[in-house]
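Only one structure is covered here, and it is reproduced in the block below.
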Amino acid sequence: MKKGFVFDLDGVITDTAKFHYIAWKDLAKNLGITIDEAFNETLKGISRMDSLDKILTYGNRENDFTLAEKEALAQTKNDEYVKLLADLSAEDLLPGVHDFLVQAKENNIPCAIASASKNAPMILEKLGVLDFFGHIVDPETLKKGKPDPEIFVKAAESINVEPKDAIGFEDAQAGIEGIKAAGMYAVGISETETLSGADLQVASMTELSVEQFMHI
Ligand code: B16
Ligand code: MG
């Protein structure tokens, strides 16, 4: 019966997609590949290496690089991405997030992060909210990425909550599918897209209160 909250990072806690986009766009350009914002949408929630593979396939260059070369390309992208995060601060929290985390703490509801990002701990620290989370799933430990439920099941277990008593928050379709496959309640957060399969969808976390999840 003990409730718990499991949050995606990019698109739920903060909007780092715009920085991923700049870094991927620059890397792709150097490889003779042009990506636009619509293509960037397809990279949301997708791991770094899977994102690179998608870009190379999009540019018909999927067979042009060895694994070592691809790892070097992913590192180059990450170096630029991390530089773009230099000024990240509490002001970059998405609306309603801080209030919701404070309410969760007041109600003793544990929170975990289920993000594909290896940069999650550093980003949460810069945003000033690291201490609200009992656990951050390390994406290196996963066999499969979203939409596989593994990351969400691990996140719930890490805070000693059964998946059926956990509420997951996601901005990407792959994430909603993973949350539902984990047997959890799914809250979709998106102003622009309809997230199919979500139990509840809102445009922003300002529309949510911890109280409404106490008895579901
Ligand atoms: P990194 P999420 C995801 O974050 C991003 O949406 C996705 O664009 C990115 O490729 C992925 O993290 C990996 O990030 O390169 O920092 O390890 O939405 O799962 O919080
Ligand atoms: Mg996301």
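With θ taken as phi - 60° and the Karplus curve 6.51 cos²θ - 1.76 cosθ + 1.60 applied, the whole-hertz 3J(HN,Hα) list for the stretch 118-134 is 6, 8, 3, x, 5, 5, 5, 5, 5, 6, x, 10, 3, 5, 6, 9, x Hz, x standing for glycine and proline. Each peptide in 186-193, 143-150 was scored by the mean count of other Cβ atoms within 10 Å over its residues; highest first, the order is 186-193, 143-150. Here the accessible area is traced with a 1.4 Å probe on the protein chains. For the stretch 88-216, carbon and sulfur cover 48 percent of it. Rolling a 1.4 angstrom probe over the protein heavy atoms with all chains in place gives the chain an accessible area of 49 Å² per residue. Remark: for residue pairs 2/143; 25/144; 25/83; 83/105; 54/118, the C-alpha separation exceeds 21 Å in 2/143; 25/144; 83/105.
Classify the stretch 90-216: rounded, prolate or oblate, from the alpha-carbon gyration tensor (a ≥ b ≥ c, eigenvalue square roots; a/c under 1.5 rounded; otherwise prolate if a/b is larger than b/c)? Verdict is rounded for the stretch 90-216. Would you look at the GNM of the chain, springs on alpha carbons closer than 10 Å, and say which of 112, 156, 74 moves the most? Ranking 112, 156, 74 by mean-square fluctuation puts 74 first.
Scaling the Cα radius of gyration of the stretch 17-87 by the globular reference 2.2 N^0.38 Å produces a ratio of 1.01. Residue separation of residue 193 and residue 118 scaled by 0.36 nm, minus their Cα-Cα distance, works out to 24.4 nm of gained length. Placing R0 at 30 angstrom, the Cβ-Cβ distance between residue 202 and residue 49 gives a FRET efficiency of 0.45 after rounding to 0.05. Reported value for the chain: 112 Å³ per residue, from the convex hull of its C-alpha atoms. Beta bridges assigned by DSSP with both partners in the chain are antiparallel in approximately 5 percent of cases.
Put a dot 7 Å past the Cα of residue 215, heading toward its Cβ, do the same for residue 85, and the two dots end up 4.0 nm apart.
Placing R0 at 35 angstrom, the Cβ-Cβ distance between residue 42 and residue 103 gives a FRET efficiency of 0.55 after rounding to 0.05. Using a 1.4 angstrom probe on heavy atoms only, work out the carbon and sulfur share of the accessible area of the stretch 17-87 in %. C and S atoms contribute 49 percent here.
The values are calculated or read from the model by the stated rules, or taken from the named source; none is laboratory data. Keep in mind that this is a model prediction, so the values were computed, not measured. Please note: Cβ atoms are built from the backbone with ideal geometry, for glycine as well, and neighbour counts cover all protein chains shown. Accessible surface areas use protein heavy atoms only, side chains included; no ligands, DNA or RNA. Shrake-Rupley method; radii C 1.70, N 1.55, O 1.52, S 1.80 Å.
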